[in-house]
Amino acid sequence: MSHERHRHGGHGQPHGHGQPHGHQTHGDPLGNPDDLAAYLERLEGSTRAEWQQPDAIVAALGLRNGDRVCEIGPGPGYFTLRLARAVGPQGRVFAVEAEPRIADVLRTRLVEAQVANADVILAADDETLPPESVNLVLIVNTFHHFARGAAYLRALATRLAPNGAIVNIDFHAGDLPFGPPPEHRVSREEFIAAARTAGLAVVREEVFLPYQYYLVLAARNVAR
Ligand SMILES: C[S@@+](CC[C@H](N)C(=O)[O-])C[C@H]1O[C@@H](n2cnc3c(N)ncnc32)[C@H](O)[C@@H]1O
């Protein structure tokens, strides 16, 4: 995947608001649009919950008190705050965000919400991985941004605790009312192929989301 492929506008917006698919012609190399404030507003908008079903997603993760979770591409923290709550005060969330301005927004938000069990790590791809092994790696609407998807998955797999899992949720291919433009999507099948290349296998799939696939992966023959 080339960087050019990742230069696209925000997600969570309906198509046809000014630009097809909400696509913007400019943006940072990570795929975030120039108008960061509007983008963050879209990611956090109240109507997103109708199709994103964040509470059902977190419930299906089956987290326990004390679990350690790594979230890749947390954005302003739509899931980070829910994850922090789900693992309880003894648990920990490592939120790995590549865009400095967004990482700052997330840090501020965590402070304001008095969340003490989440750390923001500024890093892209496999530059900096979580310092400890984790029970879960969660990636939501972000895999299609990765420059080297399979390599990043392989690196993340080395940080999984025994019986740990990687969960990837991203938009299906095809024309949908939400999400990145179709040409920027990674289809369910393309993602599974990348996971296989990384030595991971699909161990479960949730199908309750209307526009996204939800795949649970476990490591197979990955050197720890
Ligand atoms: C579409 S947003 C999704 C945010 C959040 N997961 C959500 O669903 O609300 C993608 C986020 O991933 C970040 N990102 C892109 N590439 C990344 C990478 N290689 N490592 C970490 N974060 C990345 C972007 O800066 C952006 O904040």
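The values are calculated or read from the model by the stated rules, or taken from the named source; none is laboratory data. Remember, predicted model here, so these are calculated numbers, not experimental data. With ideal geometry, Cβ positions are generated from the backbone for all residues, glycine too; neighbour counts draw on all protein chains shown. We work out accessible area using only protein heavy atoms, side chains counted, and drop any ligands, DNA or RNA first. Shrake-Rupley method; radii C 1.70, N 1.55, O 1.52, S 1.80 Å.
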Quick one: in region 65-115, of everything that is more than 15 Å from the ligand (Cβ to nearest atom) and in contact (Cβ under 8 Å) with a residue 60 or more places away in the chain, which residue is nearest to the chain's Cα centre (by Cα)?
Arg68
For region 59-74, name all the residues that are under 13 Å from Pro130 (Cα atoms) and open to solvent by 30 Å² or more (accessible area, probe 1.4 Å).
Arg68
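Given Val134, Val120, Val111, Val93, which one is touching a Cys at 6+ places or on another chain (Cβ under 6 Å), more than 24 Å from Val186 (Cα to Cα) and at pLDDT 95 or above?
Numbers: Val120 fails: touching a Cys at 6+ places or on another chain (Cβ under 6 Å); Val111 fails: touching a Cys at 6+ places or on another chain (Cβ under 6 Å); Val93 fails: touching a Cys at 6+ places or on another chain (Cβ under 6 Å).
On inspection, the qualifying residue turns out to be Val134.
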Of residues in region 127-147 being within 9 Å of the ligand (Cβ to nearest atom) and not in a helix (DSSP H, G or I), the one most open to solvent (accessible area, probe 1.4 Å)
Glu127
Could you check region 154-168 and list, in sequence order, the residues that are surrounded by 23 or more Cβ atoms within 10 Å (Cβ to Cβ) and modelled with pLDDT of 95 or more?
Ile166, Asn168
Examine region 85-94 for a residue that is on the phi > 0 side of the Ramachandran plot and either in contact with a helix residue (DSSP H, G or I) (Cβ under 8 Å, 6 or more places away or on another chain) or not in a helix (DSSP H, G or I) (or both), and state whether such a residue exists.
yes
Note on region 148-177: residues closer than 20 Å to Ala60 by Cβ and outside any helix (DSSP H, G or I) are Leu160, Ala161, Asn163, Gly164, Ala165, Ile166, Val167, Asn168, Ile169, Asp170, Phe171, His172
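Residues checked against (1) out of contact with any Gly (no Cβ under 6 Å at 6 or more places or on another chain); (2) open to solvent by 20 Å² or more (accessible area, probe 1.4 Å); (3) in a loop (DSSP other than H, G, I, E, B); (4) among the aromatic types (Phe, Trp, Tyr):
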site: Glu183; (1), (2), (3), (4): yes, yes, no, no
site: Val186; (1), (2), (3), (4): yes, no, yes, no
site: Phe191; (1), (2), (3), (4): yes, no, no, yes
site: Ala195; (1), (2), (3), (4): yes, no, no, no
site: Val202; (1), (2), (3), (4): yes, yes, no, no
site: Glu205; (1), (2), (3), (4): yes, yes, no, no
site: Pro210; (1), (2), (3), (4): yes, yes, yes, no
site: Leu215; (1), (2), (3), (4): yes, no, no, no
